[in-house]
Amino acid sequence: MNTADYVLFDPEVVRRPPGSPCFSCEIVSRTDSRHHVWYEDDVAIAFLNLYPRLLGYTLVAPKRHLEDVTGDFAISEYLALQRAVYRVGEALRSVLPTERLYILSLGSRQANAHVHWHVAPLPPGVPFEEQQFAALDRPVVLAPNDAEQEHLAKQLGEAVTARRM
Ligand SMILES: [Zn+2]
């Protein structure tokens, strides 16, 4: 996979003016078809980040529009969502060389209010000063082409099925 190319990232592309349709709900309803969804169960959906700093960078979101990272969830629903995060993480680790798997929830009411988890595999060999937050906040993003992303999404989906997690 030729993913060595990077492009400058404009953070404004993810800002949503007040009243805009919800980015994640549009993916759940398949209104926005640009995304490569590769995992879905009763409570969660996972798709490749359109602006990936790392290859395989995936976002996991509840299918319901929830905003507070803990407060909007019944604990059973939260744990079901975390099961999806686990499955996504294990699929990523099985498909991509991963020195460390980063999992975190951020979000902004000005960008993507629908709560979501970032699941991003750090490849081996990244210099120490480029790991952790630096790896996720670079001013550039990978520019894999759509066919490469589609292929990766297919591999990841098959990994979930193969592992029967
Ligand atoms: Zn939503």
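Values in this text are rule-based calculations from the coordinates and carry no lab data. A quick note: this is a predicted structure, and the numbers were derived from the prediction, not measured. Glycine gets a Cβ as well: all are built from the backbone with ideal geometry, and neighbour counts include every protein chain shown.
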Relative exposure of R109, R164, judged by other C-beta atoms within 10 Å (fewest first)
R164, R109
HN-Hα J in Hz across segment 43-50 - Karplus 6.51, -1.76, 1.60, θ = phi - 60°, x for Gly and Pro:
10, 9, 9, 9, 8, 5, 4, 5
Karplus-derived 3J(HN,Hα), 6.51/-1.76/1.60, for each residue of segment 29-34, Hz, glycine and proline x:
7, 6, 6, 9, 9, 6
At a 10 Å Cβ-Cβ cut-off, how would you order H116, H36, H151, fewest neighbours first?
H151, H36, H116
Taking a ≥ b ≥ c as the square roots of the eigenvalues of the Cα gyration tensor, with a/c under 1.5 meaning rounded and otherwise prolate when a/b exceeds b/c and oblate if not, the chain is rounded
For the chain, the dipole about the Cα centre with charges only on Cβ (Lys and Arg +1, Asp and Glu -1), to the nearest 20 debye, works out at 280 debye
Distance from segment 104-140 to segment 144-165 (C-alpha centre basis), Å
20 Å
Can you sort K154, K63 so the residue with the fewest Cβ neighbours within 10 Å comes first?
K154, K63
Given 139-149, 88-98, the highest-first ranking by average Cβ count within 10 Å works out to 88-98, 139-149
Going residue by residue through segment 97-110, the Karplus relation 6.51 cos²θ - 1.76 cosθ + 1.60 with θ = phi - 60° gives ³J(HN,Hα) values, rounded to whole Hz and with x marking Gly or Pro, of x, 9, 7, 8, 9, 8, 9, 7, 10, 10, x, 8, 5, 8
Extension gain from E12 to R109, taking 0.36 nm per residue of separation minus the Cα-Cα distance:
33.6 nm
For Y51 paired with R83, estimate the spin-label separation in nm (one decimal), with each label point 7 Å from Cα along the Cα-to-Cβ line.
3.3 nm
Could you tell me whether segment 1-64 comes out rounded, prolate or oblate from its Cα gyration tensor? Rule is a ≥ b ≥ c as square roots of the eigenvalues, rounded for a/c under 1.5, then prolate if a/b exceeds b/c, otherwise oblate.
oblate
